[in-house]
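Working notes, beginning with the structure itself.
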Amino acid sequence: MTESTLVQTSAWRALVAHYQANRAIHLRDLFAQDAMRGKQLTAQAAGLYLDYSKQRVTAETLRLLAQLARERGLRAKIDAMFRGDKINATENRAVLHIALRAPRAEKIFVDGVNVVAQVHAVLDKMAAFAERVRDGEWTGYTGKRIRNVLNIGIGGSDLGPVMAYEALKYYSARDLTFRFISNVDGADFIEATRDLAADETLFIISSKTFTTLETMTNARTARAWFLARARDENAIAKHFVAVSTNTDAVRQFGIDPAHMFEFWDWVGGRYSMDSAIGLSTMLAIGPENFRALLAGFHALDEHFRTAPFEQNLPVLMGLLGVWNNNFLDAQTVAVLPYAQYLKRFPAYLQQLTMESNGKHVTLAGESISTYQTGPIYWGEPGTNGQHSFYQLIHQGTKLIPCDFIGFANPLDSLGDHHDILMSNIFAQAEALAFGKTIAQVEAEGVPAWLAPHRAFMGNRPSSVILADKLTPTTLGALIALYEHSVFTQGALWDIDSFDQWGVELGKVLAKKIIPELESVAAPALRHDSSTNALIQRYRQMRGRADTDSDE
Ligand code: G6Q
């Protein structure tokens with residue numbers, strides 16, 4: 001399939017014409033024309049209720065978008081992923097995060113091996129270990145129980161674990177402290193360890209490859225930090241475990257493979273929080289809650305695999321995203337959880353969405369020039385954002401579709417906090433859609449000169465995702481919802497949503513620059529004049545020998 005086939009599909013061309021014919025229609029008109037809209041443009045699955053009635057779509061838009069999905073072969077692409085086909089073409093890998101949450105009895109084969117059996121063997125090993133740590137049976141080198149768990153990892157080996165820990169903190173063992181070290185900036189390590197006793201601390205070195213510069217640097221520092229206190233190499237076994245696909249590198253680092261929790265190359269980093277990468281999550285919330293999290297993922301997986309597109313939550317969200325991105329020209333999406341526990345959810349989603357769909361060539365390697373691919377995702381928890389950037393969403397010149405996420409029942413009940421919180425979701429979505437005309441503002445007695453400043457244009461699209469309560473199961477379903485809407489969009493845009501070549505070049509250049517910064521003798525610099533000058537200045541500021549550059 002080539003780039004031209006997307007814009008040349010009959011559904012795409014019909015959508016272009018449909019957009020042109022209807023572009024002036026305001027959400028106010030759409031709601032006035034159909035009293036049932038707010039109930040009809042909704043869907044639900046796996047405990048999630050999606051209200052997309054405030055998106056700028058009509059029944060015809062939705063019909064054409066579903067037709068586009070069919071013309072792009074979405075059903076066959078979904079089936080190929082679930083079957084274990086090597087749909088990550090540029091890495092020649094299967095994409096099977098759905099196998100991580102498949103029930104024990106299911107069978108999914110990769111190269112003749114049933115991966116579901118492997119998944120459950122690792123889950124059982126994780127559960128046994130987690131129980132021992134949580135019960136205090138697993139002790140450190142002085143015989144004291146573990147009190148602190150430090151996950152060292154970055155990107156997909158960090159963002160999911162941090163997000164899940166924060167999201168499910170309510171369910172976590174409060175007698176354990178969890179911290180996450182990702183940045184190679186030494187401040188991250190120092191701040192995370194400064195008040196910890198080594199004999200009560202467990203390090204989880206989480207790295208799929210076990211070669212990532214930041215993680216291995218932090219892991220070596222952790223080893224040195226620990227040995228400076230324990231003064232015994234034999235103590236390492238009780239305080240370091242690894243999560244990886246690379247047994248040799250784990251062994252070489254000095255961690256016994258018996259203390260390694262395995263995953264596989266068919267799990268992408270940003271899709272790995274429900275694999276052994278979730279070991280910190282399991283330690284925090286316990287094996288039973290972790291299995292409930294997996295059950296939530298699986299319920300949404302099954303919905304995605306089987307529901308008709310018109311009622312399929314991730315398909316609908318994916319298609320609405322395509323509509324906003326490719327027809328309404330929205331460049332970003334704001335994700336606004338009205339749940340403090342989800343404070344790291346936007347950061348997690350940034351990686352999931354932007355590393356997956358920030359691509360400029362089709363699967364066949366052709367440059368994409370006639371349509372946009374992945375939008376920018378960003379966000380903050382409500383209501384905090386309302387007192388900062390919402391101004392631009394309401395009255396700026398940019399169109400920013402919003403995903404509001406909220407829960408009917410709070411985990412911690414505190415006076416009327418929750419009703420106040422939730423009233424704000426409903427109010428914001430209402431204000432964005434309907435706005436307030438100049439005439440309405442003037443009718444309230446506002447002078448004519450001030451009225452334009454106080455008017456809201458409205459017609460700003462948003463969706464509301466509502467669930468009963470933030471449970472592990474709900475969180476799993478919510479994450480899977482976004483995973484599969486990313487998949488849907490990638491399928492329509494004909495890109496590889498599962499590679500990430502864009503992170504490579506900077507890594508290669510940094511490797512070259514490290515010795516140029518560190519060398520005692522003046523290095524010969526052969527970069528561009530800006531990079532040379534910056535390195536030169538840095539060396540001067542660090543009191544190092546001057547450089548020998550081309551200038
Ligand atoms: C995610 C990416 C990336 C990866 C990190 C860490 O999809 O592949 O964010 O997770 O670079 O990699 P390791 O787990 O191999 O250290």
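Just name the residue that is farthest from the ligand (Cβ to nearest atom) out of those in the stretch 167-176 that are of a type in the set (A, V, I, L, M) and more than 30 Å from residue 498 (Cβ to Cβ).
So the residue we want is 173.
Can you tell me which residue is nearest to the ligand (Cβ to nearest atom) among those in the stretch 349-401 that are within 24 Å of residue 460 (Cα to Cα), part of a helix (DSSP H, G or I) and hydroxyl-bearing (Ser, Thr, Tyr)?
This residue is 353.
Residues 484, 453, 527: which one is part of a helix (DSSP H, G or I) and closer than 30 Å to residue 367 by Cα?
Going through 484, 453, 527 in turn, the sole match is 484.
Give the residues of the stretch 304-332 that are surrounded by fewer than 23 Cβ atoms within 10 Å (Cβ to Cβ) and outside any helix (DSSP H, G or I), sorted by residue number.
If the condition is that a residue be surrounded by fewer than 23 Cβ atoms within 10 Å (Cβ to Cβ) and outside any helix (DSSP H, G or I), then 307, 308, 328, 329, 330, 331, 332 are the ones that fit.
Which one is nearest to the ligand (Cβ to nearest atom) among residues in the stretch 177-195 that are part of a loop (DSSP other than H, G, I, E, B) and not acidic (Asp, Glu)?
Across the stretch 177-195, the extreme among qualifying residues is 182.
Tell me, which residue of the stretch 488-505 that is among the aromatic types (Phe, Trp, Tyr) and part of a helix (DSSP H, G or I) is nearest to the ligand (Cβ to nearest atom)?
501
How many residues are β-branched (Val, Ile, Thr) and crowded, with 22+ Cβ neighbours inside 10 Å when one looks only at the stretch 334-372?
Residues that pass the stated criteria total 2.
For residues that are in contact with a Gly (Cβ under 6 Å, 6 or more places away or on another chain) and small (Gly, Ala, Ser), scanning just the stretch 267-323, find the one that is nearest to the ligand (Cβ to nearest atom).
269
Under 6 Å between Cβ atoms, at least 6 apart or on separate chains: pull out the pairs that start in the stretch 424-450 with a residue that is aromatic (Phe, Trp, Tyr) and end on any residue that is buried (at least 16 other Cβ atoms within 10 Å of the Cβ).
Every condition considered, the pairs that remain are 434/458.
Would you call residue 459 part of a helix (DSSP H, G or I) and either among the hydrophobic types (A, V, I, L, M, F, W, C) or farther than 30 Å from residue 282 by Cα (or both)?
no
If a residue has to be out of contact with any helix residue (DSSP H, G or I) (no Cβ under 8 Å at 6 or more places or on another chain) and acidic (Asp, Glu) to count, how many in the stretch 141-174 make the cut?
The total comes to 1.
Which residue is farthest from the ligand (Cβ to nearest atom), if the candidates are limited to the stretch 506-519 and must be touching a residue at least 12 places away in the same chain (Cβ under 8 Å) and among the aliphatic types (A, V, I, L, M)?
Filtering first and then ranking leaves 517.
Report the residue count in the stretch 335-366 for those that are of a type outside the set (Val, Ile, Thr), closer than 20 Å to residue 469 by Cα and in contact with an Asp or Glu (Cβ under 7 Å, 6 or more places away or on another chain).
Residues that pass the stated criteria total 5.
Can you name the residue in the stretch 263-281 that is of a type in the set (Ser, Thr, Tyr) and not in a loop (DSSP other than H, G, I, E, B) and, of all such residues, is surrounded by the most Cβ atoms within 10 Å (Cβ to Cβ)?
Applying the filter and picking the extreme gives 281.
Answer yes or no as to whether residue 170 is surrounded by fewer than 19 Cβ atoms within 10 Å (Cβ to Cβ), in a helix (DSSP H, G or I) and among the hydroxyl-bearing types (Ser, Thr, Tyr).
Judged against the criteria, residue 170 is a match.
Of all the helices (runs of 4 or more DSSP H) wholly in the stretch 1-62, which have at least 1 residues that are touching a helix residue (DSSP H, G or I) at 6+ places or on another chain (Cβ under 7 Å) and under 27 Å from residue 437 (Cα atoms)?
It comes to 10-22, 27-33, 37-40.
Among the residues of the stretch 196-209, count how many are aliphatic (A, V, I, L, M) and away from the ligand (no atom under 16 Å from the Cβ).
Final tally of qualifying residues: 4.
Which members of the stretch 147-166 meet the condition of being in a loop (DSSP other than H, G, I, E, B) and either within 11 Å of the ligand (Cβ to nearest atom) or surrounded by 22 or more Cβ atoms within 10 Å (Cβ to Cβ) (or both)?
153, 154, 158, listed by residue number.
Starting from residues that are touching a residue at least 24 places away in the same chain (Cβ under 8 Å) and of a type in the set (Asp, Glu), keep the ones in the stretch 9-62 and report whichever is surrounded by the fewest Cβ atoms within 10 Å (Cβ to Cβ).
Looking at the filtered set, the residue picked out is 60.
Looking for something in contact (Cβ under 8 Å) with a residue 40 or more places away in the chain, under 22 Å from residue 203 (Cα atoms) and touching a helix residue (DSSP H, G or I) at 6+ places or on another chain (Cβ under 9 Å) - is there at least one such residue anywhere in the stretch 292-304?
no
Out of all the residues in the stretch 97-125, which are touching a residue at least 24 places away in the same chain (Cβ under 8 Å) and over 16 Å from residue 295 (Cα atoms)?
108, 109, 110, 115, 118, 122, 125
Do we have any residue at all in the stretch 329-345 that's in contact (Cβ under 8 Å) with a residue 60 or more places away in the chain and more than 19 Å from the chain's Cα centre (by Cα)?
Yes, the stretch 329-345 contains at least one residue that is in contact (Cβ under 8 Å) with a residue 60 or more places away in the chain and more than 19 Å from the chain's Cα centre (by Cα).
Somewhere in the stretch 504-523, is a residue at pLDDT below 95, over 30 Å from residue 543 (Cβ atoms) and surrounded by fewer than 17 Cβ atoms within 10 Å (Cβ to Cβ)?
yes
Out of all the residues in the stretch 234-262, which are hydrophobic (A, V, I, L, M, F, W, C), away from the ligand (no atom under 14 Å from the Cβ) and outside any helix (DSSP H, G or I)?
240, 241, 255
Within the bounds of the stretch 248-258, is there any residue that is touching a residue at least 24 places away in the same chain (Cβ under 8 Å) and under 30 Å from residue 12 (Cα atoms)?
no
What pairs come up if the first residue lies in the stretch 210-223 and is touching a residue at least 40 places away in the same chain (Cβ under 8 Å) and away from the ligand (no atom under 11 Å from the Cβ), the second is part of a helix (DSSP H, G or I) and of a type in the set (Val, Ile, Thr), and their beta carbons are under 8 Å apart, counting only those six or more places apart or on different chains?
222/193
The values are calculated or read from the model by the stated rules, or taken from the named source; none is laboratory data. Quick caveat: nothing in here was measured; it's all calculated off a predicted structure. All Cβ positions, glycine included, derive from the backbone under ideal geometry; neighbour counts span all protein chains shown.
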